[in-house]
Amino acid sequence: MPTNRTPHYSLSQWERDDRILMEDFNEDNVKIDAALKAVDARADGLARSLAEQAAAAAKLGNCVAHYTTFTGNDAASRTFSFPHRPLFCVIGTTDASNRIMSLLRGVSSGFLLRSNGSDLIYVTWSEKAITINSNSPTGVQQLNKSGQNYILLALLDAAK
């Protein structure tokens, strides 16, 4: 019988005066075998999980973030061109006027939100561009006011 045991798996640790028995070795081998089996099971589970996550990510497609700034020009409509197909876009002011609009591919209109109200803005989506326009005299100008600085952040489909 061993005098001491290892702290984690309670494997045999003999002293010089201990009697060494075959049963002690067999008991240790069973513990080691069970521990290795558990490690294999965890590794297999992690490998499956990683493969499932990779497959799910592949279905989502790859997006590219596109960031730019522009200065308004009071035009009744404004077209923004991109290197890939736009999926989602946010346009906002860089000052305290708090104008912002979110555009989601497939939606043909939305509200430009500003600190003192909102305007309906119409959106036309093409393969690699977005055009905004408004039926109100101030709508697009609120998002394209001459001399005003704006930021634009778009998520683009990298595959298209």
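Quick notes on this one:
- Residue pairs whose Cβ atoms lie under 9 Å apart, sitting 6 or more positions apart in sequence or on different chains, and linking a residue in the stretch 31-45 that is in contact (Cβ under 8 Å) with a residue 12 or more places away in the chain and assigned to a helix (DSSP H, G or I) to a partner that is open to solvent by less than 60 Å² (accessible area, probe 1.4 Å) and among the small types (Gly, Ala, Ser), are LYS31/SER10.
- Checking the stated criteria, TYR9 turns out not to satisfy the condition of being under 30 Å from TRP125 (Cβ atoms), at pLDDT 85 or above and aromatic (Phe, Trp, Tyr).
- Filtered residues of the stretch 29-78 (kept if among the small types (Gly, Ala, Ser), modelled with pLDDT of 80 or more, in contact with a strand residue (DSSP E or B) (Cβ under 9 Å, 6 or more places away or on another chain) and open to solvent by 50 Å² or more (accessible area, probe 1.4 Å)): ALA65, SER77
- Subset of the stretch 107-157 that is in a loop (DSSP other than H, G, I, E, B) and either β-branched (Val, Ile, Thr) or open to solvent by less than 40 Å² (accessible area, probe 1.4 Å) (or both) - its residue that is modelled with the highest pLDDT: GLN148
- Pairs with Cβ under 9 Å, 6+ apart, first in the stretch 63-84 and within 18 Å of LEU155 (Cβ to Cβ), second at pLDDT below 80 and open to solvent by 70 Å² or more (accessible area, probe 1.4 Å): THR69/THR94; HIS84/ALA159; HIS84/LYS160
- Flag for ILE20 being open to solvent by less than 90 Å² (accessible area, probe 1.4 Å), more than 30 Å from THR124 (Cα to Cα) and not in a strand (DSSP E or B): no
The values are calculated or read from the model by the stated rules, or taken from the named source; none is laboratory data. Predicted model only: the values in this text are computed from it and were never measured. Here Cβ is always computed from backbone atoms with ideal geometry, including for glycine, and neighbour counts include all displayed protein chains. Calculation scope for accessible area: heavy atoms of the full protein, side chains included, ligands and nucleic acids excluded. Shrake-Rupley method; radii C 1.70, N 1.55, O 1.52, S 1.80 Å.
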